[in-house]
């Protein structure tokens, strides 16, 4: 089954309920804990996993995720060891796994090499925040599509609907990533009615499922998104849960599991 | 499809997140209209003269030339521009662009503090708000500039992430911009980053080279044989070199050789181990590890302590038009002393890298050679680095005495205030 098919299948299994994509940085706080954290996400009810390859200069991320990137690198995480971890995760769960990475780790590994490896290992797609559609020299979209991998288009608050449609049409991804506010990841987003109703418009013009992220930290926000989006994306709040657990000497994987269970409570309510 | 106007050979581009797209479209449109608008050029020229103090002098270094066996050494003294470095050329130009866009707030990254200082001063001049992002380590080693920026009314925000130097300050400024695109212009300080910044910064800095060209023709009646400039991100070097790219003049960039060639001990991208990558939204040479993460860098000079390189310079390195050499911390420090003793001025530690390289290589050149070095900034800002290096005991004694004196003064003022309160209460 291709990654694109697996993602589409997962959306269909949700039967209209809002899904949850949970994000963490691979290798944070270390590889062994990180593997347990991703497993815990899958077994606690997440619908998709977004696994970020650690990088020194994550320019779209806020302090929590930046700090997690640096900690993962300090702990010795490499792109190879990150991919090994995800390939093991694939063997234990059918949850769609998307790699979030900035361009340079992909370039350093080799674009074709990492896409081949991802496809071979049964990973499902890529989210690349510093790859705009008008710098297409690397041809990431075609290379992903040829391997059945989704390259998820990112739609910003100021992206026009016309442009959003063009970005979706140029992509084989079953869903788009709607960024819910300006700035970087982390700080809680106030979900204004205007922003929520835009999600419906994005779904209409793109004809794709819509996953909404940036500053989604709490169950109430997931509930607010439930009627308008197909999936909520939560990242920094989970990184923070890991950090708090570590500070208290508790198990970070259990803390992430508890937070994910709390967030998915919104799906059945 | 590739946007060739964004590239210098294989380098450059605009690898920005979608959220910044409107800001770049606005900037590009305003730049395209400003660069052909005579009124914009006239305003920039007027302020460059009356406020910045341009043109800066081209100084014939008579005593150093004698030391070099008669080879003629000239120094382009950008340090005599207002705020002490070439950075003001670009900061003022971009501040005027910001006004043209109707923005009311400027942000900037800074390494040595010179670009932050220049942006803060330009903001004050034009009545704009200003926030400068500066690595915590750089704030500690360039405290006089931090004070200066605050005097000009800017807030200085310490960047505590990553290497806590220039690379992370660039990230912090770019992130701040993603939150405030509507009212803020990001005054990028070097000829790097996403298009159109490398072009904008080069154009505002290119008057270094164009002035130099007419000054050396006046003085010598011919072009120099070789020109040196230091290269951090590359703004003073591309500003110097751009006027000479079509001439038969050898162009040499001095990179930070730091403590030596080991990874993390220097910031030599071309002369060291930089490899092609895409980071900080542009494609160029970066010091990076096998996983594509940028490496920590080291230089005694905060302004050269940067893992990337302006894309046009990366291209000029690839074509061989500009030669790059690494210069060690110690040699740069020695060059500061040599300029001080022989020519009566102290270059910034950054610029001293170029001087050190010129002094080292000149003796191998023909005796009738003409050599020019761009002195990108003056050395006042480095007092807290150079003074303990050259005169540790006296500097320590001064600092200790100064702390005692200031503490005593503060105590006396507190006592006097308490006495006045008491009297007022009676």
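The values are calculated or read from the model by the stated rules, or taken from the named source; none is laboratory data. Since we're looking at a predicted model, the values are computed, not measured. Because the Cβ atoms are built from the backbone with ideal geometry, glycine has one as well, and the counts that use them run over all protein chains shown.
From the list A:228, A:181, which one is within 14 Å of chain B (Cβ to nearest Cβ) and out of contact with any strand residue (DSSP E or B) (no Cβ under 7 Å at 6 or more places or on another chain)?
A:181 is the lone residue from the list that is within 14 Å of chain B (Cβ to nearest Cβ) and out of contact with any strand residue (DSSP E or B) (no Cβ under 7 Å at 6 or more places or on another chain).
Apart from one condition, residue B:53 fits all of (1) more than 14 Å from chain A (Cβ to nearest Cβ); (2) touching a helix residue (DSSP H, G or I) at 6+ places or on another chain (Cβ under 6 Å); (3) surrounded by 19 or more Cβ atoms within 10 Å (Cβ to Cβ); the exception is (3).
When B:254, B:191, B:219, B:243 are checked against the criterion of being in the same structural domain as residue B:320 (by TED's automatic domain parsing) and under 18 Å from the mean Cα position of the chain (by Cα), a single residue qualifies: B:254. Cβ contacts < 8 Å: first residue assigned by TED's automatic domain parsing to the domain that holds residue B:252 and on the phi > 0 side of the Ramachandran plot, restricted to region B:349-361; second residue surrounded by 24 or more Cβ atoms within 10 Å (Cβ to Cβ) and modelled with pLDDT of 95 or more, any location; separation 6+ or different chain. Result? Short answer, once both residue conditions are applied: none. For region B:2-20, filtered to residues that are facing chain A (nearest Cβ under 7 Å) and free of Cβ contacts under 8 Å to residues at least 24 places away in the same chain, the residue that is surrounded by the most Cβ atoms within 10 Å (Cβ to Cβ) is B:18. Apart from one condition, residue B:26 fits all of (1) within 14 Å of chain A (Cβ to nearest Cβ); (2) closer than 26 Å to residue B:342 by Cβ; the exception is (2).
Note on region B:198-279: enclosed strands (runs of 3 or more DSSP E) holding 1 or more residues that are without any contact (Cβ under 8 Å) to a residue 24 or more places away in the chain and over 26 Å from residue B:369 (Cα atoms) are B:275-279. Note on region A:40-66: residues that are over 17 Å from residue A:99 (Cβ atoms) and touching a residue at least 24 places away in the same chain (Cβ under 8 Å) amount to 9.
Within region B:133-166, being touching a helix residue (DSSP H, G or I) at 6+ places or on another chain (Cβ under 7 Å), part of a helix (DSSP H, G or I) and surrounded by fewer than 19 Cβ atoms within 10 Å (Cβ to Cβ) holds for B:143, B:144. Close contacts from region A:153-170, counting a first residue that is at negative phi and at the interface with chain B (Cβ under 7 Å from one of its Cβ atoms) and a second that is surrounded by fewer than 22 Cβ atoms within 10 Å (Cβ to Cβ) and modelled with pLDDT under 95, with Cβ to Cβ under 6 Å and a gap of 6+ residues or different chains, come to A:158/B:22. What about residue B:284, is it within 14 Å of chain A (Cβ to nearest Cβ) and closer than 27 Å to residue B:194 by Cβ? So residue B:284 passes the test.
Restricting attention to region A:140-152 and to residues that are buried (at least 22 other Cβ atoms within 10 Å of the Cβ) and part of a loop (DSSP other than H, G, I, E, B), the residue that is nearest to the other protein chains (Cβ to nearest Cβ) turns out to be A:152. The residues on offer are B:292, B:303, and the sole one that is outside any strand (DSSP E or B), surrounded by 24 or more Cβ atoms within 10 Å (Cβ to Cβ) and within 14 Å of another protein chain (Cβ to nearest Cβ) is B:292. Of all the criteria given as (1) touching a residue at least 12 places away in the same chain (Cβ under 8 Å); (2) part of a loop (DSSP other than H, G, I, E, B), the one not satisfied by residue B:318 is (2). Filtering region A:116-139 to residues that are more than 17 Å from residue B:277 (Cβ to Cβ) and surrounded by fewer than 22 Cβ atoms within 10 Å (Cβ to Cβ) leaves A:116, A:117, A:119, A:120, A:121, A:122, A:133, A:134, A:136, A:139. Checking the stated criteria, residue B:169 turns out not to satisfy the condition of being surrounded by fewer than 21 Cβ atoms within 10 Å (Cβ to Cβ), in contact with a strand residue (DSSP E or B) (Cβ under 8 Å, 6 or more places away or on another chain), closer than 24 Å to residue A:72 by Cα and more than 11 Å from chain A (Cβ to nearest Cβ). Checking B:68, B:128 one by one, the residue that is over 21 Å from residue A:58 (Cα atoms), in contact with a strand residue (DSSP E or B) (Cβ under 9 Å, 6 or more places away or on another chain) and assigned by TED's automatic domain parsing to the domain that holds residue B:361 is B:68 and no other.
Going by the structure shown, is residue B:107 closer than 22 Å to residue B:185 by Cα and assigned to a strand (DSSP E or B)? Judged against the criteria, residue B:107 is a match. For region A:223-245, enumerate the residues that are crowded, with 16+ Cβ neighbours inside 10 Å and over 24 Å from residue A:180 (Cα atoms). Hits for region A:223-245 are A:243, A:245. Of the residues that make up region B:226-237, is at least one assigned by TED's automatic domain parsing to the domain that holds residue B:74, surrounded by fewer than 23 Cβ atoms within 10 Å (Cβ to Cβ) and either out of contact with any helix residue (DSSP H, G or I) (no Cβ under 8 Å at 6 or more places or on another chain) or modelled with pLDDT of 95 or more (or both)? Yes, because at least one residue in region B:226-237 is assigned by TED's automatic domain parsing to the domain that holds residue B:74, surrounded by fewer than 23 Cβ atoms within 10 Å (Cβ to Cβ) and either out of contact with any helix residue (DSSP H, G or I) (no Cβ under 8 Å at 6 or more places or on another chain) or modelled with pLDDT of 95 or more (or both). Highlighted here are the helices (runs of 4 or more DSSP H) found entirely within region B:340-426 that include at least 2 residues which are touching a strand residue (DSSP E or B) at 6+ places or on another chain (Cβ under 9 Å): B:349-361. Residue selection: residue B:43 fails the criterion of being part of a helix (DSSP H, G or I) and either more than 24 Å from the chain's Cα centre (by Cα) or facing another protein chain (nearest Cβ under 8 Å) (or both).
Just for region B:172-196: of the residues that are touching a residue at least 12 places away in the same chain (Cβ under 8 Å) and facing chain A (nearest Cβ under 9 Å), which one is farthest from residue B:281 (Cα to Cα)? Once the filter is applied, the top-ranked residue is B:180.
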